[in-house]
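All remarks here apply to the structure that follows.
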Amino acid sequence: MIVSISIDDELLSRFDSAIKMRGYSTRSEAMRDLIRTFISDCSWDTEDGENIAVITLLYGKDVKKHELIRIQHRYREISTMLHTHIDPLNCLEVYVIKAPSERIKELLKEFRGLQGVKVVKFVKSACEV
Ligand code: NI
C-alpha cells in the first residue's frame, strides 16, 4: 500500500540526512522501521501484557555483592544474565527480563539504588510488532 504524508521542507531535509547517516536506502524503508519502533514503544507499557527489556549494569568492586545476588534471585523473570569483567575494577552485566512493565521498573529502581552501581541502562524490546 502507498501512503502519502504532508511534511515541511526543512523536516524532510533533516529526515533525509538522518536516514542517510543510518544507512537506509529509501525513505519507505526508514518509515517502516520508525513505525515498528513507534508501535512497539506504544504497546510496551500496557498494564496487561508481558514486556521484554534488556538492562545493562556497570558496577565497581565496591558493589554490595550480597544485595545484588538477593535482587537477582527475587526477580525470577530474569531469563538471561551475562557477566563480563571490563577491567580490574569494573564489571558489566546484561540482563534480559520478561515481565509486566511495572515489575521491570521496580527492578530498575533496585539496581539504581544499589551502592557501587555506576550506570544502569535500559532498552525496551518488542514482544511483537
Ligand atoms: Ni566481573
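The values are calculated or read from the model by the stated rules, or taken from the named source; none is laboratory data. All figures in this text were calculated on a predicted structure; none of them were measured in a lab. No Cβ is skipped: glycine too gets one built from the backbone with ideal geometry, and neighbour counts run over all protein chains shown. Only protein heavy atoms, including side chains, enter the accessible area calculation; ligands, DNA and RNA are left aside. Shrake-Rupley method; radii C 1.70, N 1.55, O 1.52, S 1.80 Å.
Assorted remarks:
- Only one of GLU106, GLU50, GLU110 that is crowded, with 16+ Cβ neighbours inside 10 Å and within 19 Å of the chain's Cα centre (by Cα): GLU110
- Checked against the criteria, ALA53 does not count as free of Cβ contacts under 8 Å to residues at least 40 places away in the same chain and hydrophobic (A, V, I, L, M, F, W, C).
- Verdict on MET31 being in contact with a helix residue (DSSP H, G or I) (Cβ under 8 Å, 6 or more places away or on another chain), more than 15 Å from LYS124 (Cα to Cα), without any contact (Cβ under 8 Å) to a residue 40 or more places away in the chain and not basic (Lys, Arg): no
Okay, residues lined up against (1) over 15 Å from LYS124 (Cα atoms); (2) open to solvent by 40 Å² or more (accessible area, probe 1.4 Å):
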{"position": "THR37", "(1), (2)": "no, yes"}
{"position": "TRP44", "(1), (2)": "no, no"}
{"position": "ILE55", "(1), (2)": "no, no"}
{"position": "LEU68", "(1), (2)": "yes, no"}
{"position": "ILE71", "(1), (2)": "yes, no"}
{"position": "MET81", "(1), (2)": "yes, yes"}
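Results for (1) open to solvent by less than 70 Å² (accessible area, probe 1.4 Å); (2) of a type in the set (A, V, I, L, M); (3) not assigned by TED's automatic domain parsing to the domain that holds GLU77, shown as yes or no for each residue.
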| residue | (1), (2), (3) |
| --- | --- |
| ILE2 | no, yes, yes |
| PHE15 | yes, no, yes |
| ALA18 | yes, yes, yes |
| THR26 | yes, no, yes |
| ARG32 | no, no, yes |
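- Residue list for the stretch 1-16, filter: of a type in the set (Ser, Thr, Tyr) and assigned to a loop (DSSP other than H, G, I, E, B): SER4, SER6
- Filtered by the rule that a residue be open to solvent by 40 Å² or more (accessible area, probe 1.4 Å) and not β-branched (Val, Ile, Thr), the stretch 83-103 gives HIS83, HIS85, ASP87, PRO88, LEU89, LEU92, LYS98, PRO100, GLU102, ARG103.
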